[in-house]
Every structure is written in C-alpha cells, then in structure tokens.
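Remarks on the structure that follows.
The values are calculated or read from the model by the stated rules, or taken from the named source; none is laboratory data. Quick caveat: nothing in here was measured; it's all calculated off a predicted structure. Glycine gets a Cβ as well: all are built from the backbone with ideal geometry, and neighbour counts include every protein chain shown. These area figures cover heavy atoms from the full protein model, side chains too; ligands, DNA and RNA do not enter into them. Shrake-Rupley method; radii C 1.70, N 1.55, O 1.52, S 1.80 Å.
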Amino acid sequence: MNVLICAACGGRLTEPVRQLDEMPEYPGRDGLPGPDGRRHGPPSVPRGTYVVDPLPFGAPFEPVDPDEEYDGVVPGGKWKFDERGALVSAGPRGTYVLHPDDVVGITPHSDHRRLTGCCGPNGDDGVNHVCGCGAEVAIVAADCFSGYETRLVPDAVRVEAAT
C-alpha cells in the first residue's frame with residue numbers, strides 16, 4: 001500500500017491505496033443520480049486503488065486529424081471541439097488516477113474558470129484543485145459526462161509506502 005503526498009509541503013493527499021497494473025475498463029454511465037444524489041459518472045477506479053495513466057489528460061487541448069484514432073482524453077475517449085475543430089489532450093501524462101473518496105487534503109482552485117462543468121468539474125480546464133499549502137496538485141473530474149475520478153499530477157506529488 002502507498003500514500004501520495006504533496007511534493008511541495010509533504011502533506012498526505014490520499015488514504016493508503018494499492019496500485020493497479022492497468023486502467024480498468026470504463027463502466028459507462030447511465031445519467032442517473034448516484035447514492036450521494038449527484039449526477040457524476042461512475043468511478044474510473046475502485047476505492048482503495050490507483051493507476052498511473054500513461055496517456056495525456058486535460059488541458060491544453062490541441063487540434064487533431066479527425067481520422068486519427070485517439071482514446072486518451074478521459075475514459076471512453078471523449079473528443080473536445082472548438083473553433084479549431086476536433087481536439088485531443090496534450091495535458092500531463094502519468095497522472096495518478098484515484099477514486100475521489102480516497103483523496104484527502106485538497107480544495108477547489110481559486111480560479112473558478114478551472115472548475116467548469118454542469119454537475120461538477122469536468123477536468124477539461126487543467127489543474128483544478130490545490131493542496132492545503134496552495135500547490136496545484138489535482139484534476140478532479142466529477143461531471144455527469146466525465147469519469148468520476150481525481151487525477152494527481154505527477155510533477156506535484158510523490159508516492160511513498162504507507163506506514
């Protein structure tokens with residue numbers, strides 16, 4: 001078991017978690033409220049686990065040839081569109097994907113533009129949660145059309161054995 005800690009202050013950011021070898025298959029969503037009454041998608045990983053995602057996640061987004069195969073923006077291969085056309089993530093690689101209930105000590109970013117979404121933050125606008133020390137550490141995705149997950153940014157955290 002491991003814990004992930006803030007690289008800036010050493011504060012603990014997770015409960016003890018076990019690393020998975022690969023990202024579980026995304027279970028899909030039904031659009032119905034969950035047990036907590038919120039309309040977020042199903043969790044990307046089970047409680048008590050984490051996985052390192054080698055694919056890029058979140059902002060910035062870059063144009064891509066619409067015929068190019070891509071499955072790495074969020075679980076299920078969401079494409080993002082704007083005036084430039086189809087976009088794919090060029091965000092951080094190697095994010096630590098966790099169940100949101102396993103994450104502790106983070107709060108929403110003070111820049112409200114990073115917290116867009118209809119039912120919760122969608123994770124498209126870059127790092128949207130900070131450690132208690134103010135370091136930008138996490139991308140929370142908890143919208144009705146996204147995965148339900150917290151992604152700790154690899155440059156902002158360290159993995160240590162749980163004690």
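For the chain, give the magnitude of the charge dipole about the Cα centre (Cβ charges: +1 Lys/Arg, -1 Asp/Glu; no others), in debye to the nearest 20. All intermediate terms of the calculation are to be shown ahead of the outcome.
Working: 14 positive and 25 negative charges, 128 e Å.
It comes to approximately 620 debye.
Below 8 Å, C-alpha to C-alpha, sequence gap of six or more: please give me the relative contact order for the chain in percent. Working shown, then result.
Working: 410 pairs, mean separation 46.2, N = 163.
So the answer I get is 28 percent.
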Could you work out how far apart the two model spin labels at V159 and E22 are, taking each label as a point 7 Å from the Cα in the direction of the beta carbon, and quote it in nm?
1.7 nm
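What is the antiparallel percent of DSSP beta bridges lying wholly in the chain, to the nearest 5? The partial results should precede the final answer.
Numbers: 30 of 33 bridges.
Given both bridge residues lie in the chain, the antiparallel proportion sits at roughly 90 percent.
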Largest-first ranking of F57, F81 by accessible area, probe 1.4 Å, whole protein assembly kept, is F81, F57
Percent relative contact order of the stretch 76-163, based on C-alpha pairs within less than 8 angstrom and at least six residues apart?
26 percent
So what J values fall out for the stretch 124-136 if you push phi through Karplus, 6.51 cos²θ - 1.76 cosθ + 1.60 with θ = phi - 60°, rounded to Hz, Gly and Pro as x?
7, 10, x, 4, 10, 9, 10, 6, x, 7, x, 5, 6
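Given the chain, what whole percent of its Cα pairs are spread farther than 28 Å?
Numbers: 2176 of 13203 pairs.
When every Cα pair of the chain is considered, 16 percent fall beyond 28 Å.
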In whole percent, how big is the carbon plus sulfur part of the accessible area of the chain, probe 1.4 Å, protein atoms only?
51 percent
N128 long-range amide H proximity, modeled H, under 5 Å:
A138, I139, V140
Most positive-pole-ward Cα, L152, S110, Y96, against dipole of the chain from beta carbon charges:
S110
For the residue pair N2 and R84, what label-to-label distance in nm results when each label sits 7 Å from Cα along the Cα-to-beta-carbon direction?
3.1 nm
